[in-house]
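Take a look at the structure set out below.
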Amino acid sequence: MAFETNRRRFLEAIALSGADLAVLAKADQKSKIPAFGGVGQSSAGDKPENQASSCLVKSADAYAQFDPDTVMWTCGSSLIEQRLQLRDGKFRLVSLKNRLTGTEIAAALDSDEFRFVFAGRERSGATGEYKLKDYRQELRPVPKASPRIDAGVSLTVVLDHPQFEVALHYDVYASTPRTPLGMIRKWYAVSNTTERTQPLTEISMNHLRLRGELGPRLTLHYWRGGGEGGPANELHSDPLADPLQRNRTFYSTEGAPGYRADDIFDGTSSYHPYFVLEDAKAGEGLFFWLQLPRSLVHPRLERPLSRARQLPG
């Protein structure tokens, strides 16, 4: 797999925004999904009574489906598929698969779809006490500029906790000749349901745990911006066969001393929020793009404000 070394062309070629996950592999138009149809929506409860909600919602090769018997959501396209499950009060990613190669990427039951510290206690999908409040799967709106395209599908899952509510949203984009990537965009919102204002800190989009045998085969590709000294304004590649490279922290808005983090296209000394995990031998990988909300960044853009918020009751 060849990687573009010019940052602007690299981003334009990938064409992702928000918090995205994409499979990198050659598109195979022969990949198929089950031929079902329908629109799903639930009512509150551990297992929604609306059995029709198990129907699969489709837009070209993008799809989302709910299984009320296992309380599991499956969504993806001909290139990528993920499965999310609420079981024993815990909500986790149980499968992330490259459908072209059949490669299972996630370590089963070990990946959290969200993590944060609420009222001083760490909370994640694995900490439990969640009940299904609602969910919805539907077609994404067609943009006015491209009225003939298949825009994909969306899935929203709302979880109720004794102290808060978590609403997770997934956009699954349909493959087209112009965008031949399996792409899922995700974000979530936390609402305080207690009677007191509570701090919300240490927010993480998700903890994706890869299958153990994948680690030594992967190379991490990332961008660092400009500034004095080198290397800068270029793509960096670190093989993860070295265990010391597998525990890394990148501050996307923290620049080198004397420099500020500004627009990512202008060149900075910061790490930028897009990463590639490549298995060169298998010819596949994952692309991640993370977008930090402006409300969590200091106005001078020196570094994140510890990602803290106060949620009123």
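The values are calculated or read from the model by the stated rules, or taken from the named source; none is laboratory data. The model shown is predicted, which means the values in this text are computed figures rather than measured ones. Cβ atoms come from the backbone with ideal geometry, glycine included; neighbour counts cover every protein chain shown.
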Find the strands (runs of 3 or more DSSP E) located wholly in segment 86-183 whose residues include 2 or more that are touching a Lys or Arg at 6+ places or on another chain (Cβ under 8 Å) and buried (at least 17 other Cβ atoms within 10 Å of the Cβ), and list them.
-> 90-98, 115-118, 121-124, 153-160, 164-173
By residue number, the members of segment 84-106 that are farther than 18 Å from residue 279 by Cα, in contact (Cβ under 8 Å) with a residue 40 or more places away in the chain and touching a Leu at 6+ places or on another chain (Cβ under 7 Å) are 84, 86, 91, 93
Tally time: how many residues in segment 174-219 are within 22 Å of residue 81 (Cα to Cα) and at pLDDT below 90?
-> 21
